[in-house]
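Rule-based calculations on the coordinates, nothing more; no lab input. Bear in mind the structure is a predicted one, so any value in this text is a computation, not a measurement. Because the Cβ atoms are built from the backbone with ideal geometry, glycine has one as well, and the counts that use them run over all protein chains shown.
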Amino acid sequence: MAETRSMNPLVKYLLFAIAFLLQVALVAGISIFVFMKFQAARESTQLAEHGGVEIKATMKFDEFKFPSADGGLVSFRMELDLSDEDMKKEFEKQLAYIRDGVPRLFMKMTVDQVKDAYVDQVLHKRVGEWLDLNVVKLMPRKKTWMFGENKTYAIARVNVYDLSAMKME
């Protein structure tokens, strides 16, 4: 008759401890992997909301006031989300030009046209396009320290708010 040897209890507990630690490490690894996937998906969703541009600076403008074509008065505030802190500095240098140029986009419109443009987000788009053509495209390009690539400057979002448009009689 063959003799059966039982395993030493210390070795048995050691094997159970090793198996337990392997399971904990496996679960932790899977959790980290899933978390990183969700984090990357969330960041890409946020970037997609802002035209694929990461927001690094925000610039608020005081109230713009200007007359409309039908003799009314239009005023609004504006906020820009920018892709680089250097853009904010450049926009601050160009502040007088921006404060003069943005109202000129809408001076030939009537009060009702300005209101409709605001509701349809046309006001936001036109301001963004004007800023892109007249300020962003003319900004001096700086080389990044790696590979000598030019920095890309972009306006992530133009937010026009507190619109007040009224006819003066």
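At a glance:
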quantity	calculated
Failed condition for V114, given (1) crowded, with 16+ Cβ neighbours inside 10 Å; (2) over 21 Å from the mean Cα position of the chain (by Cα); (3) outside any helix (DSSP H, G or I)	(3)
Residues of the stretch 55-82 satisfying the condition of being surrounded by 18 or more Cβ atoms within 10 Å (Cβ to Cβ) and polar (S, T, N, Q)	S68
